[in-house]
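**Student:** Handing you a structure now.
The values are calculated or read from the model by the stated rules, or taken from the named source; none is laboratory data. Remember, predicted model here, so these are calculated numbers, not experimental data. Here Cβ is always computed from backbone atoms with ideal geometry, including for glycine, and neighbour counts include all displayed protein chains. For accessibility, only protein heavy atoms count, side chains too; no ligands or nucleic acids. Shrake-Rupley method; radii C 1.70, N 1.55, O 1.52, S 1.80 Å.
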Amino acid sequence: MLKKYLYFNYFYIFIVLIWPPFQKFVIRVDGAANSIVILTVILLAFQLKKKRFFKTVFKKPLLIYAIWVAYAILNALLIGYYLNVPILTLFITIFVPLVLMIIISIEFLKNEKKLLNVLIVGLYIAVVLILLFIGETDKGRTGGELNSNTIGTMATILVMLLYLKFYKQWLTLLHFSLLLIIPVFMIISAGSRTAFGGLVFLLLVHFIVNRSKNIFVLFSKISLGIIIFAIPFHFVLENTILGDRVLNTTEQSEGMEFQTGNPILDQFGDRGIFYYQGWYVFKEHPITGVGLGNFVNYNEFGLAQHSEYMIQLSELGIIGFILFAFFYFNVFKSLKNIKKTTRNKNKKREVELYIFYVLIILLMITATRMYRVWFLFVITGIVIGYINKHKLMYFNKFKEFSNIK
């Protein structure tokens, strides 16, 4: 059983996913991620000999992201960057998400079920390591050596993968429910509103994707869902740090020095300042931005930028933001085309699920960074794999049709 997973691509994916807690709590060395550099070089040495690798890289949307990576590195070399790491470490930090998406999309074509198992095991081990070794912040949230939001969003991605396997009926309801316990606990204990928002969105997606044309059945499903989740949801809101942070989101900036003065942005509490200050930084440096990480030097509070959107806009300028936006636009366009050409109802809903999965990622990165958080690219890699698989199937069908005399 285990033998079929002894495959370098799977090993690479596994190590990349467990790396943050594994490096922090187990090996406690190699903060510059030289091990990942070596693994990436070995991986590329094998992959560069294969046509499939090049076909995957030079096909949209991954080609667009590859251009973004090249631009981000060139931007860092010309303008400078604030991250306290060598340029090689910065490069590998930005480059690994691209490699991860490429390998995941390739493996999706080969065996989607095995790939999901590798991704789930990797993230599950990462979450368990965090649970075993990490402490609490001074505000009682799980975190410290690893950012609380990073821990929470990692757990949310794990829940999304578990749900995808459950949706495809590769996981029983009992096993799915049991496997949810640890990641959901981590989301709550980390107190991450970003991760919790992704979890709630996923719950809504379940009812949307599994909707029924029968109004009575649909109403019954929604009512049952409300009954089942109302009590634990209320408990979380009233008895946890997460609940306190969710209920007091609009008050986070009250009495604090970084109120924006904008009534809309202040509704986002302590996250509104990143959009407020980010916009001013962008207006002063609109073309190329101020360089990755340099936002901290361009705002009066000395804050590091937390929103991926404002990182793209203020630190990489309009060029970086356009490449970033075009990448996701192409993903959505491809998914829309698949849905349009698919007649099977179940297939259409599967496409909808993938669309919502990308939306969940885009929702979460409104308040957290993504470009150097490797596990956040797992979902996008799966979606691109799905897109490429559909294109290949469509091409083969067209080829078969063309050969009919």
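**Student:** Could you work out the relative contact order of the chain, using alpha carbon pairs under 8 angstrom and six or more residues apart, expressed as a whole percent? Walk me through the numbers before you get to the answer.
**Tutor:** On the way: 482 pairs, mean separation 86.5, N = 405.
Relative contact order for the chain comes out at 21 percent.
**Student:** Normalised by the residues of the stretch 75-215, what does the relative contact order come to in percent, with Cα pairs under 8 Å and at least six apart? Write out the running numbers ahead of the final one.
**Tutor:** Working: 104 pairs, mean separation 30.7, N = 141.
Once normalised by length, the contact order is 22 percent.
**Student:** Can you give the Kirkwood hydrodynamic radius of the stretch 72-151 from its Cα pairs, in Å with one decimal?
**Tutor:** Taking every pair of different Cα atoms in the stretch 72-151, averaging 1/r and inverting gives 15.7 Å.
**Student:** Compute for the stretch 31-78: radius of gyration divided by Kirkwood radius, i.e. Rg/Rh, restricted to C-alpha atoms, rounded to two decimals.
**Tutor:** Rounded to two decimals, Rg/Rh equals 1.05.
**Student:** In the Gaussian network model of the chain, springs joining C-alpha atoms below 10 Å, which of ARG28, ARG141, ARG349 carries the largest mean-square fluctuation?
**Tutor:** Result: ARG28 has the largest fluctuation of those listed.
**Student:** For the chain, set up a Gaussian network in which alpha carbons nearer than 10 Å are linked by springs, and say which option among ASN344, ASN299, ASN34 fluctuates the most.
**Tutor:** Looking only at ASN344, ASN299, ASN34, the biggest GNM fluctuation is shown by ASN344.
**Student:** Here is a follow-up. Keeping every protein chain present and rolling a 1.4 Å probe, give me the accessible area per residue for the stretch 48-115 in Å².
**Tutor:** That works out to 47 Å² for each residue.
**Student:** Using DSSP loop states and a limit of at most 12 other Cβ atoms within 10 Å to flag chymotrypsin sites (Phe, Trp or Tyr not before Pro), what is the longest stretch of the chain containing no flagged site?
**Tutor:** Excluding the exposed sites themselves, the longest stretch runs over 59-300.
**Student:** Compute the Kirkwood hydrodynamic radius of the chain, taking the inverse of the mean of 1/r over all pairs of distinct Cα atoms, and give it in Å to one decimal. Walk me through the numbers on the way to the answer.
**Tutor:** Details: mean 1/r = 0.0443 Å⁻¹.
For the chain, the Kirkwood estimate is 22.5 Å.
**Student:** A further question follows. Rounded, prolate or oblate for the stretch 1-152? Axes are the square roots of the Cα gyration tensor eigenvalues, ordered a ≥ b ≥ c, and the cut-off for rounded is a/c under 1.5.
**Tutor:** Oblate shape, in that a/c is at least 1.5 and b/c is the bigger or equal ratio.
**Student:** If I build a Gaussian network model for the chain, linking alpha-carbon pairs within less than 10 angstrom, which residue out of VAL16, VAL290, VAL118 has the largest mean-square fluctuation?
**Tutor:** Fluctuation is largest for VAL118.
**Student:** Could you pull the accessible area for LEU359 with a 1.4 Å probe, rounded to 10 Å²?
**Tutor:** 60 Å²
**Student:** Seen from all sides and averaged, what is the projected area of the convex hull of the Cα atoms in the stretch 85-209, in nm²? If you can, show how the numbers build up before the last one.
**Tutor:** Values: hull surface 36.6 nm².
Average of the hull's projected areas for the stretch 85-209 equals 9.2 nm².
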